[in-house]
Amino acid sequence: MTQTYQAVYQQWQNDPQGFWAEAAEAIDWHKKWDTILDESDAPIYRWFSGAEVNSCYNALDRHVENGRSQQLALIYDSPVTNTVQKFTYAELLDQVARFAGVLQQHSVQKGDRVVIYMPMVPEAVIAMLACARIGAIHSVVFGGFAAKELATRIDDARPKLIVGASCGIEVTRVIEYKPLLDEAIDLSTHKPQTCIILQRPQAEATMMAGRDVDWATAMQQAKPADCVPVAATDPLYILYTSGTTGMPKGVVRDNGGHLVALKWSMKYIYGVDPGDVFWAASDVGWVVGHSYIVYAPLFHGCTTILYEGKPVGTPDPGAFWRVIAEHNVNVLFTAPTAFRAIKRDDPNATYLEPYDLSHFRSLFLAGERCDPATLQWAEEKLGVPVIDHWWQTETGWPICANLMGLEPLPIKPGSATVPVPGYDVRILDVYEEEAEPGQIGSIVIKLPLPPGCLPTLWHNEEGYKQTYLSNFPGYYSTADAGFKDEDGYLWIMSRTDDIINVAGHRLSTGAMEEVLAAHPDVAECAVIGVADELKGEIPLGTIVLKAGVERPHNEIITELVQMVREKIGPVASFKIATVVERLPKTRSGKVLRGTMKKIADGEQYRIPATIDNPAILEEIAADLAELGYPHKQVGEN
Ligand code: COA
Ligand code: AMP
């Protein structure tokens, strides 16, 4: 009989350490732990101290040893190159062991960092697992970021080696990655010794003699490398994510806790068994890609799908249905924006008709707030449970969900359902008291965080404490706001900082403001996230020009759009800005971004008592109206 959510959550609450020790039995350890939870350095906690393990061994070798060698581990489906390539566990292990040998040959050792800047190709997965195999720490940088963002990450992670590719393909456009990598290395202070470059036929890269090595040639000569045991508390990877400034935060993931949590999540949250086919339609550059394209499905002995395409346009809004049908996908995980795109292009889901999806069991959505209209549309068209679940790069796996491996709870569209065992989620009001049901407050998690969550920031423990632990002592601050209802369901409403979620991609408006402020004609600026029907949210810039600047506004705005594209990347989707006389501010000088956002989104707003010049809000409303704001709301048809 399936267990109830209440019983399992209670079991965890009664004995948190016993709960995770039991889950840890599903992992192959080189050496078992001395301490399940090391609290000696609280509020910095470490899971499974003293244990030794290897994440790649648990992803590949043990499945090959235990009868899964001929099962598919990875299916690469690329409509943009018309390719489908399948790897059994034995084949993937062979490639990974060989690439690990290449890394060792280029003197990469345990603890060294390797930056991976690649599109959605199998070699990206192979490179990640090869690092894990020899205890090197990978840091994958999403391809849609500009050279400067890559340079910032190179300087922070200080990689010995970088793995890159000649190009990525965005629907029909070939994006040359290698010139971006070269520019990033020119910009960075730290220089890697070696770059290993995958040449793709769509655009061959120019190689730099003495530094650049061709992937294919290196693999031909490679000797396979064995797994190197690492401490459970050693970092597996660093993943940079947007903070409140232009400097991204290096989220550290350990090996042991990550293995235990992710393996557990596959069965209990996603309701998946070994041998099932799991597809996370995301990108290896994001946390969803790390956790649910690469690591968790392989830890669990599933087949994972690596999809190099979009939900629409590659070639049509039936792309997802084709992949689900062709590869027998049991569970799909993506961002709501992907479904908004499909719904926009094919509202009646006519592209679904030719496909048999009888094996498809559930759809999981995360990365941004899921509007109920999109959730209900997906539920109606697919006829399976659609689960909105909430998590962050920092946690690495879901904080709240409707757990499909347990007796499912009723779905309430718009809610991420209930806290996953391991997470004690509270809503605190401005007095740091627990809020009443229905009352919005800051969402926090009582320390310690469960296994798998970030133990710290890369080389920045103070920054970790300051950012996450100082606002509410004893709690991890999620920087999300929301409420719990009478049934204990969580409703995640907004961020409390300047992070926005654009098409499920996490971006900092503060970082965009830094770029805009560097324009010679700009005196002041503010970037806000405004509602967008497709992407959920998009950035909108309000610009005050320096006195005496007479140039046409649209000329300046074009330059600003180009600057954000060059300095942050196309993924920022910064395309709209307006020139205003002044920014609305409080008397103490704080820009009223929240009020501007409400005006742009057509929401009720109060004129703050502390505003220095109330008339400015009407002028801003008129400027935004000229741009067509307020728009239709997300999910509105
Ligand atoms: N390399 C280079 N450029 C990239 C890129 C990459 N890996 N990924 C995106 N870009 C570019 C896009 O081409 C686009 O450029 P443009 O402004 O010149 O058109 C820009 O960055 C913005 O990309 P995106 O926000 O993805 O918008 P889009 O219009 O291309 O696609 C969706 C919109 C909704 C179809 C797409 O975002 C999507 O499929 N999202 C859902 C899945 C997902 O990625 N979730 C992430 C977390 S789970
Ligand atoms: P990222 O680190 O890119 O995964 O972004 C994390 C942020 O995305 C969270 O802090 C939330 O603001 C938002 N988010 C993720 N999932 C959800 C969800 N299911 N509902 C509402 N917001 C979400």
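Residues of region 154-179 that are within 15 Å of ligand 1 (Cβ to nearest atom), part of a helix (DSSP H, G or I) and surrounded by fewer than 23 Cβ atoms within 10 Å (Cβ to Cβ): P179 alone. Looking at G301, G367, just one residue is of a type outside the set (F, W, Y) and either within 13 Å of ligand 1 (Cβ to nearest atom) or modelled with pLDDT under 95 (or both), and that residue is G367. Residues in region 564-582: is at least one among the polar types (S, T, N, Q) and farther than 26 Å from E533 by Cβ? No, region 564-582 has no match at all. Among the residues of region 339-362, is any within 15 Å of ligand 1 (Cβ to nearest atom), touching a helix residue (DSSP H, G or I) at 6+ places or on another chain (Cβ under 8 Å) and under 28 Å from L129 (Cβ atoms)? No, region 339-362 has no match at all. Being open to solvent by 10 Å² or more (accessible area, probe 1.4 Å) and within 16 Å of ligand 1 (Cβ to nearest atom) is a property that D498 lacks. Output yes when any residue across region 569-577 is open to solvent by 50 Å² or more (accessible area, probe 1.4 Å), away from ligand 2 (no atom under 16 Å from the Cβ) and under 21 Å from N501 (Cα atoms), and no when none is. Looking for residues that are open to solvent by 50 Å² or more (accessible area, probe 1.4 Å), away from ligand 2 (no atom under 16 Å from the Cβ) and under 21 Å from N501 (Cα atoms), one finds at least one in region 569-577, hence yes. Which residue is nearest to G243 (Cα to Cα), if the candidates are limited to region 504-562 and must be crowded, with 17+ Cβ neighbours inside 10 Å, of a type in the set (G, A, S) and more than 16 Å from ligand 2 (Cβ to nearest atom)? Looking at the filtered set, the residue picked out is A526.
Among the residues of region 135-146, is there at least one that is in a helix (DSSP H, G or I), of a type outside the set (A, V, I, L, M, F, W, C) and crowded, with 24+ Cβ neighbours inside 10 Å? The answer is no, given that none of the residues of region 135-146 is in a helix (DSSP H, G or I), of a type outside the set (A, V, I, L, M, F, W, C) and crowded, with 24+ Cβ neighbours inside 10 Å.
Could you pull out the residue among A59, A42, A90 that is at negative phi and crowded, with 20+ Cβ neighbours inside 10 Å? Going through A59, A42, A90 in turn, the sole match is A59.
Report yes if some residue within region 418-440 is in contact (Cβ under 8 Å) with a residue 60 or more places away in the chain, surrounded by 15 or more Cβ atoms within 10 Å (Cβ to Cβ) and hydroxyl-bearing (S, T, Y); otherwise report no. No: zero hits.
Residues that are part of a helix (DSSP H, G or I) and over 29 Å from A373 (Cβ atoms) do not occur anywhere in region 580-589.
Filtered by the rule that a residue be charged (D, E, K, R) and either surrounded by fewer than 20 Cβ atoms within 10 Å (Cβ to Cβ) or touching a His at 6+ places or on another chain (Cβ under 8 Å) (or both), region 64-78 gives E65, D77. Any residue in region 200-209 that is among the hydrophobic types (A, V, I, L, M, F, W, C), in contact (Cβ under 8 Å) with a residue 12 or more places away in the chain and surrounded by fewer than 21 Cβ atoms within 10 Å (Cβ to Cβ)? Scanning region 200-209, I find at least one residue that is among the hydrophobic types (A, V, I, L, M, F, W, C), in contact (Cβ under 8 Å) with a residue 12 or more places away in the chain and surrounded by fewer than 21 Cβ atoms within 10 Å (Cβ to Cβ), so the answer is yes. The strands (runs of 3 or more DSSP E) found wholly in region 241-318 include none carrying at least 3 residues that are open to solvent by 10 Å² or more (accessible area, probe 1.4 Å) and within 16 Å of ligand 2 (Cβ to nearest atom). Of the residues making up region 61-116, those that are more than 26 Å from the chain's Cα centre (by Cα) and hydroxyl-bearing (S, T, Y) number 3.
The values are calculated or read from the model by the stated rules, or taken from the named source; none is laboratory data. The model shown is predicted, which means the values in this text are computed figures rather than measured ones. When we count neighbours, we look across all protein chains shown, and the Cβ atoms used for this are built from the backbone with ideal geometry, even at glycine. Each accessible area value is taken on the protein alone, full model and side chains, heavy atoms only, with ligands, DNA and RNA left out. Shrake-Rupley method; radii C 1.70, N 1.55, O 1.52, S 1.80 Å.
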